[in-house]
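Have a look at the structure below, then the notes.
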Amino acid sequence: MIQKGLKGIVAAETLISHIDGEKGELIYRGYEIGKLTNRYSFEEVAYLLWHGYLPDEVQLRALKNELMSNRDLPENMKKLIDLLPSGMDLMSVMRTAISAEGGNFNYGWKPTVSQAIRITALAPTIIAYRKRQLESKEFVPPLNELDHVANYLYMLNGSVPLDAHVEVLETYMILTLEHGMNASTFSARVTASTESDLVSAVSSAIGTMKGPLHGGAPSGVIELLDEIAAVGDAEKVMRDKISKGERLMGFGHRVYKTHDPRAIALKAKLWELVGQDAWLDLAMDAEKTAVRVLEELKPGRSLYTNVEFYAAAIMKAINMEADLFTPTFTASRIVGWTAHILEQSENNTIYRPQSKYIGTLK
Ligand code: ACO
């Protein structure tokens, strides 16, 4: 029997995270996600995912220092980014720059936590360097007194960010650090399973993340909401799309058959940040309409908002432009990918499924 898209197939055992799609639960290393977002920082949760336990003060300080000391882009990476065509999308720039990082150190088998930390530290600087270059603005070097998330916003905007903006982005980044055997993580594990290096595995994952059915959805959400605002009739826009066989971006999930807990947490955070707001009202109305329309036109498919729906709203609330959505998601998911790459390397079997030949014999 063939399981198209490997639906429902268990491909590995993991200690990193657990998703209960029926109950709408997400657990990182034994901790329910809602217990992590309001108590711990990006760095603490990243440490948890890499090591399996939360850091004490000394371990946390050491991780922060290691992230800080790896934030600067190597000169060859800057030169490479400078040479890339200006029309190249940011995800492709990230994939290319991180791929080039493979030449800077000896990233051989087996992968290490230090390598994971280095790639995690570099990702926001790559995004900010390129984004400011495209806007003809001067590069803003990392500011070492700022933690990971605050420094990312600082490098993008050139000013120390508001605490509220850091808090909301940090919540989003913690919620998206890790998510089981999703397409990009699977891709990373497949590459790592050949005993290839960590940089190659992360590059594979970035290529997978880029697609609109995975990490590329948030910009589609903004387009959907903009279209609803322009037409002034959410139901009509949604019915038209579905009748043309299109998907409503930000809805549906392979695993969650109820509300995505990350979408619920983001919606609450967003409400805390912006309160009553025309754009948030539009998003919440669109959510209600979409769930009703999808229930009618796609009965039994259990389609609700996924993390991308409110992620798009979060990014808009902190004035992050749409081309930064998927790269920002990637900058956090690198932690989950590298945790999986490390886990794969501990007890490795190469991934090698089979295909069924349906051609003829000539
Ligand atoms: N809008 C309309 N119909 C949908 C949607 C949607 N967003 N999602 C699924 N469906 C329908 C499909 O058309 C299909 O209908 P059919 O049975 O009549 O053919 C049915 O629901 C099942 O769809 P599948 O694609 O088989 O479901 P799957 O679990 O494989 O897909 C996916 C999950 C890819 C996320 C899908 O729901 C989708 O395309 N959503 C829109 C894109 C999106 O928001 N992606 C972000 C996901 S979250 C993340 O990656 C971080």
Subject >> Centre separation in Å (Cα based) which lies between region 325-362 and region 71-93 >> reply: 25 Å
**OP:** Could you pull out every one of the aspartates and glutamates with an alpha carbon less than 12 Å from that of Lys257, ignoring same-chain neighbours closer than 8 positions?
**Re:** Asp20, Glu22, Glu25
Subject >> the chain - mean residue ellipticity at 222 nm from DSSP helices (-39,500 (n - 2.57) per run, n ≥ 4, rounded to 500) >> reply: -18500 deg cm²/dmol
Original post:
When only C-alpha pairs under 8 Å and at least 6 residues apart count, what is the relative contact order of the chain, in percent?
Top reply: 24 percent
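Can you give the FRET efficiency to the nearest 0.05 for Leu162 and Asp233, using r as the Cβ-Cβ distance and R₀ = 35 Å? Spell out each step's value before the answer.
Values: r = 35 Å, r/R0 = 1.01.
Efficiency computed from Cβ-Cβ geometry: 0.50.
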Original post:
When we measure straight from the Cα of Lys137, which lysines land under 17 angstrom away, once same-chain ones fewer than 8 places off are left out?
Top reply: Lys78, Lys79
**OP:** Assuming 1.567 mPa s and 4 °C, estimate D for region 1-153 with Stokes-Einstein, Rh taken as the Kirkwood radius over Cα pairs, in µm²/s.
**Re:** 72 µm²/s
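Please list the three semi-axes, largest first and in whole Å, of the ellipsoid equivalent to region 27-82, using sqrt of 5 times the eigenvalues of its alpha carbon gyration tensor.
Whole-Å semi-axes of the equivalent ellipsoid: 29, 14, 9.
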**OP:** Any chance you could list P(r) for region 109-259, counting all Cα-Cα pairs in 5 angstrom bins from zero, rounded to whole %?
**Re:** 2, 8, 11, 15, 16, 16, 15, 10, 5, 2, 0, 0
Subject >> Alpha-carbon centroids, region 161-207 and region 243-308: separation in whole Å >> reply: 23 Å
**OP:** Would you please report the Å³ per residue occupied by the convex hull of the alpha carbon atoms in the chain?
**Re:** 171 Å³
**OP:** Could you list the residues of region 176-207 with an amide nitrogen less than 18 Å from a label point located 7 Å from the Cα of Ser355 in the Cα-to-C-beta direction?
**Re:** 187, 190-191
**OP:** Determine, for Lys137, Lys244, Lys362, the number of other Cβ atoms within 10 Å of each Cβ, and report the residues in order from fewest to most.
**Re:** Lys362, Lys244, Lys137
Subject >> All-pairs Cα distance distribution in region 262-353, expressed in whole percent, bin size 10 Å >> reply: 14, 33, 26, 19, 8, 0
**OP:** Using a cut-off of under 15 Å, list every residue of region 154-190 whose amide N is near the label point 7 Å from the Cα of Asp323 along the Cα-to-beta-carbon line.
**Re:** 156-157
Original post:
When Arg262, Arg132 are ordered from fewest to most other Cβ atoms inside 10 Å of their Cβ, what list results?
Top reply: Arg132, Arg262
**OP:** Wrap a convex hull around the Cα atoms of region 219-317, take a quarter of its surface area, and give that in square nanometres.
**Re:** 5.8 nm²
Original post:
For region 175-323, what is the relative contact order in percent, using Cα pairs closer than 8 Å and at least 6 residues apart in sequence?
Top reply: 27 percent
**OP:** Using Cα positions and a limit of under 18 Å, work out the aspartates and glutamates in reach of Lys244, with same-chain residues fewer than 8 apart set aside.
**Re:** Glu223, Glu227, Asp233, Glu235, Glu295, Glu296
**OP:** Compute the length gained on full extension between Glu145 and Arg301: take 0.36 nm times their separation in residues and subtract their Cα-Cα distance, giving the result in nm to one decimal.
**Re:** 51.4 nm
Subject >> Alpha-carbon Rg with Dmax, taken over region 245-295, Å >> reply: 12.1, 36
Original post:
How do the peptides 89-101, 346-358, 304-316 rank, highest first, by the average count of neighbouring beta carbon atoms within 10 Å per residue?
Top reply: 304-316, 89-101, 346-358
**OP:** Can you tell me the order of 202-215, 70-83 when each peptide is scored by its average per-residue count of other Cβ atoms within 10 angstrom, highest first?
**Re:** 202-215, 70-83
**OP:** For Glu246 paired with Lys362, estimate the spin-label separation in nm (one decimal), with each label point 7 Å from Cα along the Cα-to-Cβ line.
**Re:** 4.0 nm
Subject >> Cleavage-rule hits, GluC sites (Glu not before Pro), region 168-221, DSSP coil, Cβ neighbours within 10 Å at most 16 >> reply: Glu195
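The numbers here are math on the coordinates, done by the rules we state, and not lab data. On a predicted model such as this, the values are computed, not experimentally measured, just so you know. Quick reminder, even Gly has a Cβ in these numbers, built from the backbone with ideal geometry, and neighbours come from all protein chains shown.
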